[in-house]
Amino acid sequence: MTKNSKITLGLICLSLTACNDDLIVDFSGEQHVRVYQDDQALACSDTGTIAVKEHGKLLIDEHIELHCSQKGDDGLSYTESCGSETDSINIFTIHDKDLAEAESLGFSRLSTLADPQFDELCEYKVISDRRKYRLLRQLNNQYAKWQASKPANYKFQFNVTYSDCPTFAPTPNVAITVNDDAINTVYDLDNEMYLTDISDYMTIDELFSEINLQLKLTPTEVGLDVSDPHLSPRFSDMGMPEQYFINAGGEECDAANYSISLLAD
């Protein structure tokens, strides 16, 4: 389904009260439905919540195509006390033919909830299928180049900023050393110190996997950077992503601007 088709269909649904908010039919005749899972969020807690991409990966790993990924609320009432369950859920739009497979993975049809709260136009705000497939082909081609030319050991400068998270502490510019496809050290170039907690950092191969997953989740924006989201991401002659912006659009602080460059030993 193209971007224009999605937008047109969205306008039709807005103008017709008979439009089914559970079943979405695109102009190619394909039927889509929304499914959800509880994200296990607890009141007053910043840990333990299952991210949209974690639940989305369950579907993607079973070759289920996603046409929208978002956070929502189940519309139910819960006790208001720290540590109690919340109404937060992860919602995905999939092909109707994949519903049984999704249900076998623990997802439920959103229409089983009486009054769920979510973005009903999410499917019309994401990048078009055509652009998604083109970006996935580009990423796969560049990854093949990287695999053919990457050294066994390498060092690269890395930085990521989040354009939709103004209160987030600035992330440092770091130099990441990789030996045999595993991170050896991460050096904070801004504060001139080695980091002891390197769990949030990735090798370039892992960064390719992360971008691939985010594309399959069908983000709202992808491009060179936040100011030029319609320009193509930039890769080096070796296939390494040098500048890549991807806005997942499903949660706060998920519009990532990646900046990467190889460093000499």
Practice prompt. Considering only residues that are under 14 Å from the mean Cα position of the chain (by Cα) and among the β-branched types (Val, Ile, Thr), look in segment 36-80 and name the one that is nearest to residue 123 (Cα to Cα).
Written response: 52
Discussion item. Go through (1) over 17 Å from residue 246 (Cβ atoms); (2) β-branched (Val, Ile, Thr); (3) under 15 Å from the mean Cα position of the chain (by Cα) for residue 127 and report which single condition fails.
Written reply: (1)
Response to the item:
Exactly one of 199, 209 is of a type in the set (Gly, Ala, Ser) and outside any helix (DSSP H, G or I), and that residue is 199
Worksheet entry | Boolean, residue 219 is under 13 Å from the mean Cα position of the chain (by Cα) and not hydrophobic (A, V, I, L, M, F, W, C) | yes
Discussion item. Please go through (1) surrounded by 14 or more Cβ atoms within 10 Å (Cβ to Cβ); (2) within 17 Å of the chain's Cα centre (by Cα) for residue 200 and return the number of the only condition it doesn't satisfy.
Written reply: (1)
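Mind listing whichever residues of segment 1-18 are more than 19 Å from residue 219 (Cβ to Cβ) and either modelled with pLDDT of 80 or more or surrounded by 16 or more Cβ atoms within 10 Å (Cβ to Cβ) (or both)?
Filtering segment 1-18 down to residues more than 19 Å from residue 219 (Cβ to Cβ) leaves 8-9, 11-18.
Correct list: 9, 13.
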Discussion item. Are there helices (runs of 4 or more DSSP H) fully within segment 48-152 with at least 1 residues that are basic (Lys, Arg) and surrounded by 14 or more Cβ atoms within 10 Å (Cβ to Cβ)? List them.
Written reply: 52-60, 129-149
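Could you list, in sequence order, the residues of segment 237-250 that are assigned to a loop (DSSP other than H, G, I, E, B) and surrounded by 18 or more Cβ atoms within 10 Å (Cβ to Cβ)? Break it down stepwise before answering.
Looking only at segment 237-250, we keep the residues that are assigned to a loop (DSSP other than H, G, I, E, B), and these are 237-240, 248-250.
Across segment 237-250, the qualifying residues are 239, 240, 248, 249, 250.
Report yes if some residue within segment 201-208 is polar (S, T, N, Q) and either modelled with pLDDT under 95 or under 21 Å from residue 94 (Cα atoms) (or both); otherwise report no. Step through it out loud before you land on a result.
Step one: filter segment 201-208 for residues polar (S, T, N, Q), giving 203.
Those still in the list that are either modelled with pLDDT under 95 or under 21 Å from residue 94 (Cα atoms) (or both) too: none.
No, there is no match, as no residue in segment 201-208 is polar (S, T, N, Q) and either modelled with pLDDT under 95 or under 21 Å from residue 94 (Cα atoms) (or both).
Would you say residue 221 is surrounded by 15 or more Cβ atoms within 10 Å (Cβ to Cβ), among the charged types (D, E, K, R) and touching a residue at least 24 places away in the same chain (Cβ under 8 Å)?
On the way: surrounded by 15 or more Cβ atoms within 10 Å (Cβ to Cβ): yes; among the charged types (D, E, K, R): yes; touching a residue at least 24 places away in the same chain (Cβ under 8 Å): yes.
Here the answer is yes, as residue 221 does meet what is asked.
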Discussion item. Go through (1) part of a loop (DSSP other than H, G, I, E, B); (2) of a type in the set (S, T, N, Q); (3) crowded, with 17+ Cβ neighbours inside 10 Å for residue 214 and report which single condition fails.
Written reply: (1)
Worksheet entry | Residue list for segment 121-152, restricted to those being within 30 Å of residue 192 (Cβ to Cβ) and modelled with pLDDT of 95 or more | 146
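Under 21 Å from the mean Cα position of the chain (by Cα), among the hydrophobic types (A, V, I, L, M, F, W, C) and in a loop (DSSP other than H, G, I, E, B): is that true of residue 231 in this structure? Talk me through it step by step, then tell me what you get.
Numbers: under 21 Å from the mean Cα position of the chain (by Cα): yes; among the hydrophobic types (A, V, I, L, M, F, W, C): yes; in a loop (DSSP other than H, G, I, E, B): yes.
Yes; evaluated as a whole, the condition is true for this residue.
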Practice prompt. State which residue is surrounded by the most Cβ atoms within 10 Å (Cβ to Cβ) when the search covers only segment 164-196 and only residues that are more than 21 Å from residue 240 (Cβ to Cβ) and in contact with a Phe, Trp or Tyr (Cβ under 8 Å, 6 or more places away or on another chain).
Written response: 195
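The values are calculated or read from the model by the stated rules, or taken from the named source; none is laboratory data. No experiment lies behind these values; they were computed from the predicted model shown. For neighbour counting, all protein chains shown are included, and Cβ atoms are generated from backbone atoms with ideal geometry for every residue, glycine included.
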